[in-house]
Amino acid sequence: MNEMKGGCLCGQVRYTVKQVASTAVCHCKDCQKQTGTSFSVVLAVPAEALSTQGTLSVYSTRGESGGAVARHFCGQCGSPIYSAAEAAPAVVFVKAGTLDDTRALEPQVEFWCDTAQPWLEQRASLPRMPRNPPLG
């Protein structure tokens, strides 16, 4: 995979991803609220493979594990950039819609399907998990 670049809506935050472990669709309620829609497409990225430029703001919530989930976003335009879960410190979850070029993205798994909107069409070809994917 070639490196991927992306950024926020206003351009104040830019990032580079050098490696992607997987691409997923997350249907959790926090992703629904953060994106303002029914799900979020995320890239699971080794933490050291993400570099950011610009000032990010952080809003933390608690994940299912009870650990913090730090949600990094542009404080100027509000674009969500990535989330880092205390329960999985080696991985960050980059919001795929912030990539400069999303044409090559193809989700490999869906998780938090227990809270997926019932009117969404399911892709039979993807593995579906009721809650969090296995961590570690």
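The values are calculated or read from the model by the stated rules, or taken from the named source; none is laboratory data. Note that this is a predicted model, so its numbers are computed, not measured. Here the Cβ is made from the backbone with ideal geometry for all residues, glycine too, and neighbour counts use every protein chain on show.
Couple of notes before you dig in:
- Residues of the range 52-67 that are of a type outside the set (D, E, K, R) and at pLDDT below 95: T61, G63, S65, G66, G67.
- All positions within the range 21-74 that are hydroxyl-bearing (S, T, Y) and over 24 Å from N2 (Cα atoms): T35, T37, S38, T55, S57, Y59, S60, T61, S65
- Residue within the range 4-11 that is in contact (Cβ under 8 Å) with a residue 12 or more places away in the chain, aliphatic (A, V, I, L, M) and surrounded by 14 or more Cβ atoms within 10 Å (Cβ to Cβ) present: yes
- Those residues of the range 20-45 which are of a type in the set (G, A, S) and in contact with a helix residue (DSSP H, G or I) (Cβ under 7 Å, 6 or more places away or on another chain), in sequence order: S38, S40
- Whichever residue in the range 84-111 is aliphatic (A, V, I, L, M) and in a loop (DSSP other than H, G, I, E, B) and, among such residues, is farthest from R14 (Cα to Cα): A87
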